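The values are calculated or read from the model by the stated rules, or taken from the named source; none is laboratory data. Note that this is a predicted model, so its numbers are computed, not measured. Cβ sites come from the backbone with ideal geometry, for glycine too, and all protein chains shown count toward neighbours.
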Amino acid sequence: MALVWHKQVGDSRYEVRSHGATVRLYSNGVFHSQWNPNDPLKGSLWELLFLPVFFLPQGQVRRVLILGVGGGALIRLLQRFIAPETIVGVDIDRHHLTVARRFFGVRGAELICADAREFVAEQGADEGSAPFDVIVDDLFGHSDGVAERAIAADPAWCMRLMNLLSPDGLVVSNFGSRQELRASGWRTPALRQQLQGAWSAELPEYENSIGIFSRSPLHRKALAEHAPGAINPGNPSRRLSARLTRLR
């Protein structure tokens, strides 16, 4: 892929590479985001974060919070296929937000450069703050070229996210492995008692495990009814080879 932009900031190197209409963001060699406006559904990990939105009827997804914007591929997918009224994207790295606007074409979303911990705490303390129908927790940094969660999903963090969620909304949380998901606050008895819907989603070529959590039941049948064909679990020729497992 051709290098179209790069920036060195201290020990961090940012690169945007392109191949045809596809653009990719790398930070210190870690592949963060990819977007192709002509072919947006290619079976990538970002689409695994996107798929759970279709557990909900489209008209129900009005407000979305994304913690960890990266290049903004998930924002573009939401705008293309769901069109929520409001998308708020939070990222501690202002260079990621610059790339999202300049190279990934993110428009019409509120992009905030902030520490997600502080943003979530402020939202939780604001009694007038409207809840979110979908919250995506994709807070990953990198160490020695390896991506890892930037904020531990302990019980306190999970509860703070739940407090920002609408009654029938869902949280989508990215973990580095299934073991990490199972050791998270989402699987503690106090949280499990609040959740009627709990699933994991994985791709064969990635170690990541995506947790999907809701106070309301989440039915696989809804995905088959609502998800686009390229990522629909009921489509034999789908591009997204998602393994969906109900968490007990």
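Just checking, does segment 63-76 include any residue being over 17 Å from the mean Cα position of the chain (by Cα) and not hydroxyl-bearing (Ser, Thr, Tyr)?
So far as segment 63-76 goes, no, none of its residues is over 17 Å from the mean Cα position of the chain (by Cα) and not hydroxyl-bearing (Ser, Thr, Tyr).
Would you kindly identify the strands (runs of 3 or more DSSP E) lying entirely within segment 129-196 that contain at least 3 residues that are at pLDDT 95 or above?
Answer list for segment 129-196: 132-137, 165-175.
Could you please tell me which pairs satisfy a Cβ distance under 6 Å, a separation of 6+ or placement on different chains, a first residue in segment 233-246 that is touching a residue at least 60 places away in the same chain (Cβ under 8 Å), and a second residue that is surrounded by 16 or more Cβ atoms within 10 Å (Cβ to Cβ) and part of a strand (DSSP E or B)?
242/201
Output the number of residues of segment 13-32 satisfying the condition of being over 16 Å from residue 104 (Cα atoms) and free of Cβ contacts under 8 Å to residues at least 24 places away in the same chain.
Matching residues across segment 13-32 total 1.
So, in segment 189-219, exactly how many residues are in contact (Cβ under 8 Å) with a residue 24 or more places away in the chain, out of contact with any strand residue (DSSP E or B) (no Cβ under 7 Å at 6 or more places or on another chain) and closer than 17 Å to residue 156 by Cα?
Qualifying residue count for the region: 3.
If I ask for residues that are part of a helix (DSSP H, G or I) and either of a type outside the set (Lys, Arg) or under 26 Å from residue 207 (Cβ atoms) (or both), which ones from segment 221-245 would you list?
222, 223, 224, 225, 226, 229, 230, 231
Every residue in segment 3-33 that is out of contact with any Asp or Glu (no Cβ under 9 Å at 6 or more places or on another chain), within 14 Å of residue 71 (Cα to Cα) and modelled with pLDDT of 95 or more, please.
Across segment 3-33, the qualifying residues are 15, 16, 17, 18, 23.
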